[in-house]
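Colleague: Structure below; questions to follow.
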Amino acid sequence: MLRRQIKERAIRYIFFILAAVSIFIVFFILFFLISESLPAFQEYGFSIFDSDWNVTRDVYKIGAALFGTAIVTIGAMIIAIPLGLAGAIFLSEIAPYHVRTVLKPIIELLAGIPSIVYGFLGATLLVQYLVPTFDLLKGKSYLAGALILGIMALPIIISISDDALKAVPRDLKEASLAVGATKWETIKKVTFPTAISGISAAVIMGMGRAIGETMAVSLVVGNVMHIPVPPFDIFESGSTLTSIIALEMGEATGLQTYSLFACGVILFIIVGTMSIVSNILKERIEKKFKGG
Amino acid sequence: MGGFGESLMVEVKNKKIGKTMLAILIAITFGASIFSGCVEEEGTITISIKGSSTVLPIAEICAEEYMKLNDNILITVAGGGSSVGIKSVANGEVDIGDASRAAKASDVENIKGVELSNLVDNVIAYDGIAVVVSPYIKNNNVTDLTMEQIYMIYTGEISYWSEVGGPDLEIYINDRASTSGTRATFVELIENSSGYTLEDFEEDGGTLAVDDVHQENSQVVSAVSLNQNAIGYAGLGYVNEETCPAIKVDGVLPSTTTVKEGDYPISRSLHMYTLGQPTGTVKDFIDYVKSDEGQDIVEEEGFIRL
C-alpha cells in the first residue's frame with residue numbers, strides 16, 4: 001500500500017515537473033521575445049506601426065506586414081468560414097453514416113499535410129493559374145495567400161465545428177422535430193445556435209493557424225514590404241508578419257533584428273489571445289451540456 | 001509491486017551511469033578549457049577585420065579555414081560597412097578594412113597623419129551582377145538596356161516593355177530581400193544619367209516599384225524563367241542562356257572578362273585595405289585569401305575570382 005502511494009506520488013511529481021517545464025518554456029520564450037524587441041519599441045514607440053521598411057534608410061517599421069497579415073487572414077476567413085461551416089453541418093447533420101466515416105478522416109488528414117507542401121503547390125500551381133485567370137501581371141498576391149491559408153484553415157474549422165455540432169444533445173433536436181420543424185429548420189434554429197460557442201472556437205483556431213502560418217505564405221505572397229494603393233487591392237503582392245521574419249531574420253543586424261522580434265511579439269500576442277478566447281468558448285459549450 | 005522494485009534498481013543504476021558520464025563530461029570540458037587557455041596565454045596572434053557586409057562572408061569563411069590551418073592565430077571578423085572598414089583600418093583600430101568600393105580621400109580626411117596613399121589596396125575578388133529577363137522578352141527585341149532605363153524600371157517610371165523597345169507587356173519586377181548583399185550592390189550601382197543611384201532614391205524616401213521579393217539568387221532565376229514579363233538581377237553564375245538570359249547593360253554583356261576589365265557597369269572589385277604594406281601574419285592571411293584555396297571560397301560565395 002505504502003509503495004503504491006509512493007509510486008503514485010512520484011508519478012504525480014514527474015508529471016507536475018513536466019507541465020511546469022512547458023509553462024516555464026512558454027514564459028521564457030515570451031520574456032526573450034519581449035527583451036529582444038524592446039529596443040525597436042523604444043526607438044519607434046507607436047510609430048512602429050507605420051509602413052516604412054528600408055535597409056538603405058535603416059528604417060524598420062512593421063505596419064505593412066501587420067496590414068498584410070490582417071488582409072490575408074480576413075481573406076482566408078471569407079473563404080474558409082462559409083465552406084468550413086457548410087462542411088461541418090453536412091458532416092454532422094446530413095451525411096449518412098458511411099459517408100461520414102470516410103470523409104471525416106480524410107478532412108483531418110488535410111490538416112496533417114506539411115505547410116511547405118501547400119506552399120509549393122501554391123507557388124507552382126495556384127500562382128501560375130491566377131495570372132491568366134484574372135489577367136494579372138503577377139500571381140503572387142494577397143489573394144494567393146488568402147486562398148492557400150483558407151484551404152489550410154478548412155480542416156480545423158470543419159473538424160472542431162463538427163465536434164461542437166455533434167455535442168448538441170439529441171433530445172433538443174428531437175424535440176424540435178417533434179413539434180413539426182423540418183430538418184433544415186432544426187439545424188438553423190436549434191442545433192447551430194446551441195453549438196455557436198464551439199463553432200466560434202473553431203473559427204478562431206482556424207484564424208490562429210492562418211495568422212501564424214509562415215512557409216506557405218512566404219512562397220505565394222510576394223514579400224514586398226508595402227501597403228498597396230488602393231490598400232484593399234487583393235491582387236497586389238505584399239508581406240505578412242511571418243513572411244518578413246522568414247525572409248530577413250537570417251541576415252538581419254541591429255535594429256532590423258529588434259524589429260523582426262517585434263513582429264514576433266505582435267504575432268505572439270494575437271495568436272495567444274485567440275487561443276485563450278477559443279479555450280474559454282470551448283469550456284462554455286462543455287459546461288452548457290454537462291454542468292447544466 | 002515487484003515490478004516497482006526492479007524499476008527502482010534500474011533507476012539507481014541509471015543514476016550511477018549518469019554520474020559517471022557527467023564526471024567524464026566535466027573532465028573533458030575542464031581539460032579542454034585548460035588546454036585552450038594554455039594556448040591563448042602562450043601568445044596568440046590576433047588579426048582584426050572589419051568592414052563591408054559584402055566582403056563579410058568571404059572574410060569569415062577564409063578566417064575560419066585559415067584558423068584551422070594555423071593553431072595560434074585568432075581572427076575576429078566584423079561587419080559595419082565599407083566606410084567603417086576604411087576608417088577603422090586608417091586609424092589603426094583594425095588590421096584589415098574590408099570595402100566593396102575604392103577608398104576616397106574623404107574617408108581619411110579626419111584622421112591625423114594618414115593620407116589616402118598610406119592605405120594599401122588589396123583586391124581579393126570581383127563582383128558582377130547580371131540583369132536577367134525572360135527568354136520571351138530577350139527574343140522580342142530587348143537585348144540591351146541602359147543604366148538609366150534599368151533605374152527607371154526599378155523606380156516605376158517605366159512600367160511597360162514597349163517603352164524600352166519590347167512587346168506591349170507590363171514589366172514584372174523581381175527584387176531581393178533587403179538584407180541581400182547582391183541587392184546592396186545593385187541599388188548602389190544602378191544610376192540615372194545624372195548619377196543619382198537607386199540607393200540615393202531609397203535614402204530620399206523612395207520605394208522601389210517591385211512586384212516580387214526573393215531570398216536567394218536561385219529564386220529570382222526561377223521566377224524570371226516562369227514569367228514572360230519578368231526582369232530581375234542575379235550573380236553572374238546564375239545566368240542561364242535558355243531559361244533566364246542576361247542582357248547587355250550600356251552595350252556590354254556581363255562575363256568574367258568584362259567584369260574583371262571593369263567594362264561591365266554593374267561590377268566592382270572587393271578590397272581588403274591595410275595601413276601600409278601588409279606584413280607578417282596579416283600579409284600571410286591576405287595571401288591565403290588570394291591563393292587558390294581562398295579563391296575557391298570566393299567563388300563558392302558567388303563572387304568572381306581574381
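The values are calculated or read from the model by the stated rules, or taken from the named source; none is laboratory data. Just so we're clear, the structure is a prediction, and the values are computed from it rather than from any experiment. Every residue, glycine as well, gets a Cβ built from its backbone with ideal geometry; the counts of neighbours run over all protein chains shown. Protein only, heavy atoms only, side chains kept; ligands, DNA and RNA dropped before computing areas. Shrake-Rupley method; radii C 1.70, N 1.55, O 1.52, S 1.80 Å.
Colleague: Test of understanding: among A:Leu91, A:Leu83, A:Leu130, which residue is open to solvent by 30 Å² or more (accessible area, probe 1.4 Å) and assigned to a helix (DSSP H, G or I)?
Modeller: Values: A:Leu91 fails: open to solvent by 30 Å² or more (accessible area, probe 1.4 Å); A:Leu130 fails: open to solvent by 30 Å² or more (accessible area, probe 1.4 Å).
Result of the check over A:Leu91, A:Leu83, A:Leu130: A:Leu83.
Colleague: Further question on the same structure: Please state which one of A:Thr73, A:Thr56 is surrounded by 10 or more Cβ atoms within 10 Å (Cβ to Cβ), in contact (Cβ under 8 Å) with a residue 40 or more places away in the chain and on the phi < 0 side of the Ramachandran plot. Lay out the reasoning, then the answer.
Modeller: Working: A:Thr56 fails: in contact (Cβ under 8 Å) with a residue 40 or more places away in the chain.
Just a single option satisfies the conditions, and that option is A:Thr73.
Colleague: Right, something else. Collect the residues in segment A:21-62 that are within 13 Å of chain B (Cβ to nearest Cβ) and either of a type outside the set (Gly, Ala, Ser) or part of a helix (DSSP H, G or I) (or both), keeping them in residue-number order.
Modeller: So in segment A:21-62, the residues within 13 Å of chain B (Cβ to nearest Cβ) come out as A:50-61.
Once the filter is applied, which keeps residues that are within 13 Å of chain B (Cβ to nearest Cβ) and either of a type outside the set (Gly, Ala, Ser) or part of a helix (DSSP H, G or I) (or both), segment A:21-62 yields A:Asp50, A:Asp52, A:Trp53, A:Asn54, A:Val55, A:Thr56, A:Arg57, A:Asp58, A:Val59, A:Tyr60, A:Lys61.
Colleague: OK, next. Within the bounds of segment A:117-133, is there any residue that is under 19 Å from A:Met205 (Cα atoms) and at pLDDT 90 or above? Spell out how you get there, then give the answer.
Modeller: Taking segment A:117-133 and keeping what is under 19 Å from A:Met205 (Cα atoms), we get A:118.
From what's left, at pLDDT 90 or above: A:118.
Looking through segment A:117-133, at least one residue is under 19 Å from A:Met205 (Cα atoms) and at pLDDT 90 or above.
Colleague: Also, I was wondering about something else. What number of residues in segment B:78-97 are modelled with pLDDT under 90 and part of a strand (DSSP E or B)?
Modeller: 3
Colleague: Does B:Thr146 count as more than 13 Å from every other protein chain (Cβ to nearest Cβ) and either touching a residue at least 40 places away in the same chain (Cβ under 8 Å) or buried (at least 16 other Cβ atoms within 10 Å of the Cβ) (or both)? Outline the logic, then answer.
Modeller: Working: more than 13 Å from every other protein chain (Cβ to nearest Cβ): yes; either touching a residue at least 40 places away in the same chain (Cβ under 8 Å) or buried (at least 16 other Cβ atoms within 10 Å of the Cβ) (or both): yes.
Against the criterion (more than 13 Å from every other protein chain (Cβ to nearest Cβ) and either touching a residue at least 40 places away in the same chain (Cβ under 8 Å) or buried (at least 16 other Cβ atoms within 10 Å of the Cβ) (or both)), B:Thr146 qualifies.
Colleague: Scan segment B:222-234 and report the pairs whose first residue is within 8 Å of another protein chain (Cβ to nearest Cβ) and whose second residue is buried (at least 24 other Cβ atoms within 10 Å of the Cβ) and among the charged types (D, E, K, R), with Cβ atoms within less than 8 Å and a gap of 6+ or a chain change.
Modeller: B:Asn227/A:Lys138
Colleague: Condition first: open to solvent by less than 20 Å² (accessible area, probe 1.4 Å) and touching a Phe, Trp or Tyr at 6+ places or on another chain (Cβ under 7 Å). Now tell me which residues in segment B:156-186 satisfy that.
Modeller: Passing the criteria: B:Ile171, B:Ile173, B:Phe186.
Colleague: A further question on this structure: Looking at segment B:257-279, which of the residues that are in contact (Cβ under 8 Å) with a residue 60 or more places away in the chain and open to solvent by 60 Å² or more (accessible area, probe 1.4 Å) is nearest to B:Tyr160 (Cα to Cα)?
Modeller: Looking at residues that are in contact (Cβ under 8 Å) with a residue 60 or more places away in the chain and open to solvent by 60 Å² or more (accessible area, probe 1.4 Å), I get B:Lys260.
Colleague: Specify which of the listed residues (B:Tyr151, B:Tyr136) is assigned to a helix (DSSP H, G or I), among the hydroxyl-bearing types (Ser, Thr, Tyr) and surrounded by fewer than 20 Cβ atoms within 10 Å (Cβ to Cβ). Step through it out loud before you land on a result.
Modeller: Working: B:Tyr151 fails: surrounded by fewer than 20 Cβ atoms within 10 Å (Cβ to Cβ).
When all the criteria are applied, what remains is B:Tyr136.
Colleague: For A:Phe49, indicate whether it is in contact with a Leu (Cβ under 7 Å, 6 or more places away or on another chain) and either surrounded by fewer than 11 Cβ atoms within 10 Å (Cβ to Cβ) or not basic (Lys, Arg) (or both).
Modeller: yes
Colleague: Scan segment A:210-267 for residues that are over 16 Å from B:Val210 (Cβ atoms), of a type outside the set (Val, Ile, Thr) and within 13 Å of chain B (Cβ to nearest Cβ) and report the count.
Modeller: 12
Yes/no matrix, rows are residues, columns are (1) among the hydrophobic types (A, V, I, L, M, F, W, C); (2) touching a strand residue (DSSP E or B) at 6+ places or on another chain (Cβ under 7 Å):
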position: B:Thr258; (1), (2): no, yes
position: B:Glu261; (1), (2): no, no
position: B:Ser267; (1), (2): no, yes
position: B:Met272; (1), (2): yes, yes
position: B:Ile286; (1), (2): yes, yes
position: B:Val289; (1), (2): yes, yes
position: B:Glu293; (1), (2): no, no
position: B:Ile297; (1), (2): yes, no
position: B:Ile304; (1), (2): yes, yes
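Colleague: Oh, and also: Which one of A:Ala175, A:Ala146 is outside any loop (DSSP other than H, G, I, E, B), away from every other protein chain (no Cβ under 14 Å) and buried (at least 22 other Cβ atoms within 10 Å of the Cβ)?
Modeller: Numbers: A:Ala175 fails: buried (at least 22 other Cβ atoms within 10 Å of the Cβ).
Among A:Ala175, A:Ala146, only A:Ala146 is outside any loop (DSSP other than H, G, I, E, B), away from every other protein chain (no Cβ under 14 Å) and buried (at least 22 other Cβ atoms within 10 Å of the Cβ).
Colleague: Let me ask something else about it. May I ask you to verify whether B:Leu275 is facing another protein chain (nearest Cβ under 10 Å), more than 22 Å from the chain's Cα centre (by Cα), hydrophobic (A, V, I, L, M, F, W, C) and more than 17 Å from B:Val131 (Cβ to Cβ)? Spell out the reasoning first.
Modeller: On the way: facing another protein chain (nearest Cβ under 10 Å): no; more than 22 Å from the chain's Cα centre (by Cα): yes; hydrophobic (A, V, I, L, M, F, W, C): yes; more than 17 Å from B:Val131 (Cβ to Cβ): yes.
Considered against the rule, which asks whether it is facing another protein chain (nearest Cβ under 10 Å), more than 22 Å from the chain's Cα centre (by Cα), hydrophobic (A, V, I, L, M, F, W, C) and more than 17 Å from B:Val131 (Cβ to Cβ), B:Leu275 comes out as no.
Colleague: On the given criteria, is B:Thr197 farther than 24 Å from B:Tyr136 by Cα, more than 9 Å from every other protein chain (Cβ to nearest Cβ) and at pLDDT 90 or above?
Modeller: yes
Colleague: State all residues of segment B:190-208 that are touching a strand residue (DSSP E or B) at 6+ places or on another chain (Cβ under 7 Å), open to solvent by 10 Å² or more (accessible area, probe 1.4 Å) and either within 17 Å of A:Val59 (Cα to Cα) or in a helix (DSSP H, G or I) (or both); if no residue qualifies, say none. Spell out the reasoning first.
Modeller: Within segment B:190-208, the subset touching a strand residue (DSSP E or B) at 6+ places or on another chain (Cβ under 7 Å) is B:190-191, B:197, B:202, B:208.
After this cut, where a residue has to be open to solvent by 10 Å² or more (accessible area, probe 1.4 Å) as well, the list is B:191, B:197, B:208.
Across segment B:190-208, the qualifying residue is only B:Leu208.
Colleague: Next question. Taking the conditions exactly as written (basic (Lys, Arg) and either surrounded by 20 or more Cβ atoms within 10 Å (Cβ to Cβ) or out of contact with any helix residue (DSSP H, G or I) (no Cβ under 9 Å at 6 or more places or on another chain) (or both)), does A:Lys104 satisfy them or not?
Modeller: Values: basic (Lys, Arg): yes; either surrounded by 20 or more Cβ atoms within 10 Å (Cβ to Cβ) or out of contact with any helix residue (DSSP H, G or I) (no Cβ under 9 Å at 6 or more places or on another chain) (or both): no.
No: the conditions fail for A:Lys104.
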